[in-house]
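The values are calculated or read from the model by the stated rules, or taken from the named source; none is laboratory data. These figures come from a predicted structure and were not determined experimentally. As a convention, Cβ positions derive from the backbone with ideal geometry for all residues, glycine included, and neighbour counts pool all protein chains shown.
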Amino acid sequence: MIANLIATLVEEDLAEDDGVLAPDDRLTCHVHGRWIHQCVASPLHVNPVTRHRWCRGCDAELGVVVDELSGDVAMRCPRCGCGGSAATNRLIAACRASISARRAA
Ligand SMILES: [Zn+2]
Ligand SMILES: [Zn+2]
């Protein structure tokens, strides 16, 4: 539901400003105004410094597969087939949580 998305966005913006919520743990995206799993495939969610959706070995963006039905999310480097990092794992966890949050709405 849209109302639930907006309420969650506002809540997370405030919690982030208060320093009690890490950007990585957000279920919504304040740039795109959507649930994180709905816009994580955007190039804006790639960060070579923090290694969110980035394969350092190949210097490449990780591809994203989001299955809203099963709730599964995968991010893999198109070149080597892996390319994981702690930042990417956290992003995947946030996407899985945002799929369930959206379902609960
Ligand atoms: Zn976004
Ligand atoms: Zn790679």
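Does V10 fit the bill of being assigned to a loop (DSSP other than H, G, I, E, B) and surrounded by fewer than 13 Cβ atoms within 10 Å (Cβ to Cβ)? Spelling it out, it is not the case that V10 is assigned to a loop (DSSP other than H, G, I, E, B) and surrounded by fewer than 13 Cβ atoms within 10 Å (Cβ to Cβ).
Residue pairs whose Cβ atoms lie under 7 Å apart, separated by 6 or more positions or on different chains, with the first residue in region 58-76 and at positive phi and the second away from ligand 2 (no atom under 14 Å from the Cβ) and charged (D, E, K, R), are G71/R96. A93 - would you say it is within 22 Å of I2 (Cβ to Cβ), away from ligand 2 (no atom under 16 Å from the Cβ) and either at pLDDT below 95 or loosely packed, with under 15 Cβ neighbours inside 10 Å (or both)? In short, no. When region 30-74 is filtered for residues that are in contact with a Cys (Cβ under 9 Å, 6 or more places away or on another chain), part of a strand (DSSP E or B) and among the aliphatic types (A, V, I, L, M), the ones remaining, listed by number, are A60, V64, V66, V73. If you go through region 30-57 and pick out every residue that is of a type outside the set (V, I, T) and farther than 18 Å from N89 by Cβ, you end up with 10. A single member of V49, V10, V73 is touching a strand residue (DSSP E or B) at 6+ places or on another chain (Cβ under 6 Å) and more than 14 Å from ligand 2 (Cβ to nearest atom), and it is V73. Just one of the numbered conditions (1) in contact with a Phe, Trp or Tyr (Cβ under 8 Å, 6 or more places away or on another chain); (2) away from ligand 1 (no atom under 16 Å from the Cβ) is not true of E61: (2).
Inside region 19-38, can you point out the residues that are surrounded by 17 or more Cβ atoms within 10 Å (Cβ to Cβ) and not polar (S, T, N, Q)? The answer is R26, L27, C29, R34, W35, I36, H37.
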